[in-house]
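First the structure, in the form of structure tokens, and then the observations on it.
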Amino acid sequence: MPVSVTTKILPDRPLMPAMTHGLACACPSCGKGKLFRAYLKTVETCAQCGTDLHHHRADDLPPYLAILIVGHVLVGLMIHLDMSWHISPMTYLIVMVPLAIVLPLMILPSLKGLVVGIQWSKRMHGFGSPEPASPEA
């Protein structure tokens, strides 16, 4: 006898607002609550709307994106500077190494927020459960 499995298809959450809220390091659901309690530590639940945020699995994607973005910017800058002026290798070393360290660290929280926003919007990992019923219902 075949077993039927009933699955409830949940409506999609809006992707672009979740991504922009995440980039702003805010809750992907409401956009008002803080997403991080420390540099890269997410809050367990949003203080404004109560959305559970501990389900995220950002892992290695934010650092990979940070390195990819900063690498392209710095290599493009180096190529432009080399074509425009003759710059000594020591100048590149003095300027580019600190930029290669500081820039990824600056954009890393926003990129992690972006990834958490995408995961929340697409109901990935633990974000797939339906929203709790509102008290007015």
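With θ set to phi - 60° and the Karplus curve 6.51 cos²θ - 1.76 cosθ + 1.60, what are the ³J(HN,Hα) couplings of the range 42-53 in order, to the nearest whole Hz, using x for Gly and Pro?
Along the range 42-53, the couplings run 7, 6, 5, 9, 5, 6, 8, 10, x, 5, 6, 10 Hz.
Just how many pairs of Lys in the chain have C-alpha atoms closer than 19 Å, counting pairs that are eight or more places apart or on different chains?
Taking the chain as the scope, the lysine pair count is 6.
By Kyte-Doolittle mean hydropathy of at least 0.0 and Cα axial length of at least 15 Å, which whole DSSP H helices of the chain are selected?
Numbers: long enough: 61-84 (34 Å, 1.60); 89-121 (46 Å, 1.64).
Once both thresholds are applied, what remains is 61-84, 89-121.
Can you give me the convex hull volume of the Cα atoms of the range 15-137, divided per residue and expressed in Å³?
109 Å³
Only sites in a loop by DSSP and with at most 11 other Cβ atoms within 10 Å count here; which chymotrypsin sites (Phe, Trp or Tyr not before Pro) in the range 46-116 make the cut?
Trp85
Using the Cα centre of the chain as origin and beta-carbon charges of +1 (Lys, Arg) and -1 (Asp, Glu), tell me which of Thr91, His55, Ile67 is placed farthest towards the positive end of the dipole.
Result: His55.
Report, by chain and number, residues whose modeled amide H sits under 5 Å from the one on Thr45, excluding near sequence neighbours (fewer than 5 apart, same chain).
Leu53
Determine the dipole magnitude for the chain: charges of +1 sit on the beta-carbon of Lys and Arg, -1 on that of Asp and Glu, nothing else is charged, the reference point is the Cα centre, and the result goes in debye to the nearest 20.
180 debye
Let me have the relative contact order for the range 4-102, percent, based on Cα pairs under 8 Å that are six or more residues apart. Don't skip to the answer; put the middle values down first.
Details: 64 pairs, mean separation 11.4, N = 99.
Answer for the range 4-102 is 12 percent.
Could you work out [θ]222 nm for the chain from helices alone, using -39500 (n - 2.57) per DSSP H run of at least four and dividing by all its residues? Round to the nearest 500 deg cm²/dmol.
That comes out to -17000 deg cm²/dmol.
Coordinate-derived values only; no laboratory data. Keep in mind that what you see is a predicted model, and the values were worked out from it rather than measured. When we count neighbours, we look across all protein chains shown, and the Cβ atoms used for this are built from the backbone with ideal geometry, even at glycine.
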